[in-house]
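All remarks here apply to the structure that follows.
Values in this text are rule-based calculations from the coordinates and carry no lab data. Not measured: the values here are computed from a predicted model. Here the Cβ positions follow ideal geometry from the backbone for every residue, glycine too, while neighbour counts run over all protein chains shown.
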Amino acid sequence: MEQTGGKTQDELIDELADLIVQSQRLVVFTGAGISTESGLPDFRGPDGLWTKFDPDDFTYQKFISDRETRKRIWGMSEALGASWKDFQPNPAHYAVAELEKLGKLDCVITQNVDGLHQKAGNSEDKVIQLHGNMQWVKCLSCGDRHRFEEVEKWVAGGVEVPECVQCGGILKPDAVFFGEAMPVQETMEAERRSRMCDLCIVIGSSLVVYPAALMPQYALSSGAKIAIINEGETGLDHAADIRIWAKAGEVMSQVVQQVKKRLGID
Ligand code: APR
């Protein structure tokens, strides 16, 4: 796919670095594509999760109504051959964390539940998780909470479908399933920050899942510049000021390098 306006990738990286240096309120919006270089599958890419699992299993209704579905979901770590805590940030996450250190980041709005932005060094209060997280598990009846890896140990020890030790209720990871309401505070704050930003950089998202995909559109409608770094097509390609079809890790490392050069930081 041709880069924006026939420009080379390096020219676009330079342009994006200029926009970041000039920006007063930069919002970074990320999807699963920023974590594939950490070994996590995305959803709709060529080897995406939806080529291995049935997205229907990830609907809230099915999870709470069908024990076999809960068994499949809890068995995913084994199927993926790794536990969430084993995944590490990649250069793209570190580049976004570096933008915060340089004082150039208003916030990261992420659809991801892997916690890798925080692991890379972004402050908790700078990361808005629209789709929850896989670090915590909650009882849907009494609200009792456990760290995900603690419950994962029960599953590894032979418990097929973990239940609440307090009340026997259904235990569910904090990630937002299809058909489940998104966290209200996070969604409202993400919209507010998107509408206030002057630059929105989309990294690794197909922008097809709503209402999350509205955030870059709020930025656009409020007059912000839009940059998209994504290997595949997205729902906002037509409106991007800068569109780079390349790997997030490679591009974002070069972008931050150029920003530091412009700020006179080696
Ligand atoms: N660099 C750049 N782009 C990449 C990379 C990479 N290393 N790896 C994958 N991509 C691109 C893919 O081509 C794809 O276009 O990232 C995009 C990821 O899109 P999706 O798989 O649709 O993921 P996402 O946009 O985060 O999905 C949104 O859908 O299933 C739900 O709740 C789930 O949060 C998820 C939401």
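Summarising the amide proton neighbourhood of L199: residues at separation of 5 or more, or on other chains, whose placed amide H is nearer than 5 Å comprise R25, V27, K225.
Computed from backbone phi, the HN-Hα couplings of region 171-186 come to 9, 9, x, 6, 5, 7, 8, 4, x, 9, 5, 6, x, 5, 4, 4 Hz, rounded to whole numbers (Karplus: 6.51 cos²θ - 1.76 cosθ + 1.60, θ = phi - 60°; Gly and Pro given as x). Ordering H117, H131 by the number of other Cβ atoms within 10 Å of each residue's own Cβ, fewest first, gives H131, H117.
Rounded, prolate or oblate: which one fits region 196-266, using the alpha carbon gyration tensor with axes a ≥ b ≥ c (rounded when a/c is under 1.5, else prolate when a/b beats b/c, else oblate)? Numbers along the way, then the final one.
Numbers: a/c = 2.55, a/b = 1.49, b/c = 1.71.
It is oblate, given that a/c is not under 1.5 and a/b is not larger than b/c.
In percent, what relative contact order does region 108-204 have, based on Cα pairs under 8 Å that are 6 or more apart in sequence? The value is 27 percent.
Provide the net charge surrounding G45, with neighbours chosen by a C-beta distance below 14 Å and charges set as Lys +1, Arg +1, Asp -1, Glu -1.
On the way: positive: R44, K52, K247; negative: E37, D42, D47, E231, E233.
Around G45, the charge tally is -2.
Once backbone amide H atoms are built at 1.01 Å from N, I109 has V28, F29, T30, I128 as its partners under 5 Å, excluding neighbours fewer than 5 places away on the same chain. Using a Gaussian network model of the chain in which every pair of alpha carbons under 10 angstrom is joined by a spring, one finds that among A181, A246, A95 the greatest mean-square fluctuation is at A181. Taking θ as phi - 60° and the Karplus parameters 6.51, -1.76 and 1.60, the scalar couplings of region 153-161 work out to 5, 4, 5, 4, x, x, 7, 5, 10 Hz in sequence order, x denoting glycine and proline. Going from the residue with the fewest nearby Cβ atoms within 10 Å to the one with the most, F53, F178, F29, F63 rank F178, F53, F63, F29.
Need the full-extension length gain, R25 to L102, defined as separation in residues times 0.36 nm minus the C-alpha distance. One decimal, nm. Present the calculation step by step, with values, prior to reporting the outcome.
Numbers: separation 77, 0.36 × 77 = 27.72 nm, distance 1.28 nm.
Stretched fully, the R25-L102 segment lengthens by 26.4 nm.
The stretch between I64 and K153, if pulled fully straight at 0.36 nm per residue, gains 29.9 nm over its current Cα-Cα span. Straight-line cross-link partners of K71 among the lysines, defined as a Cα under 18 Å from its Cα and at least 8 positions apart when in the same chain: K52, K62, K138, K153, K172.
At full extension, E163 and V208 could sit 12.8 nm farther apart than now, given 0.36 nm per residue minus the alpha carbon distance. For R243, nonlocal amide neighbours, meaning residues 5 or more places apart or on other chains whose placed amide H falls under 5 Å from its own, are T4, I228.
Calculate the FRET efficiency for M196 and K85 from the Cβ-Cβ distance with a Förster distance of 22 Å, rounded to the nearest 0.05. Each step should come with its number before you reach the end.
On the way: r = 34 Å, r/R0 = 1.56.
It comes out at approximately 0.05.
When only Cα pairs below 8 angstrom with a gap of at least 6 residues are kept, region 144-266 shows a relative contact order of 16 percent.
From the square roots a ≥ b ≥ c of the eigenvalues of the alpha-carbon gyration tensor of the chain, which class results: rounded (a/c under 1.5), prolate (a/b over b/c), or oblate? Because a/c hits 1.5 or more and a/b exceeds b/c, the chain counts as prolate.
For the options D56, D125, D106, a Gaussian network treatment of the chain with springs between C-alpha atoms closer than 10 Å singles out D125 as fluctuating the most.
Is region 124-234 best put as rounded, prolate or oblate by its Cα gyration tensor, with a ≥ b ≥ c the root eigenvalues, rounded for a/c under 1.5, and otherwise prolate when a/b is larger than b/c, oblate when not?
Values: a/c = 3.09, a/b = 2.31, b/c = 1.34.
Taking the square roots of the gyration eigenvalues as a ≥ b ≥ c, region 124-234 is prolate.
Between E78 and S222, the modelled label-to-label distance comes to 4.6 nm, taking each label 7 Å out from Cα in the direction of the beta carbon. Listed by Cβ neighbour count within 10 Å, with the fewest neighbours leading, M252, M182, M188 appear as M188, M182, M252.
Between Q166, Q61, Q217, the residue with the greatest mean-square fluctuation in the GNM of the chain (Cα pairs under 10 Å linked by springs) is Q166.
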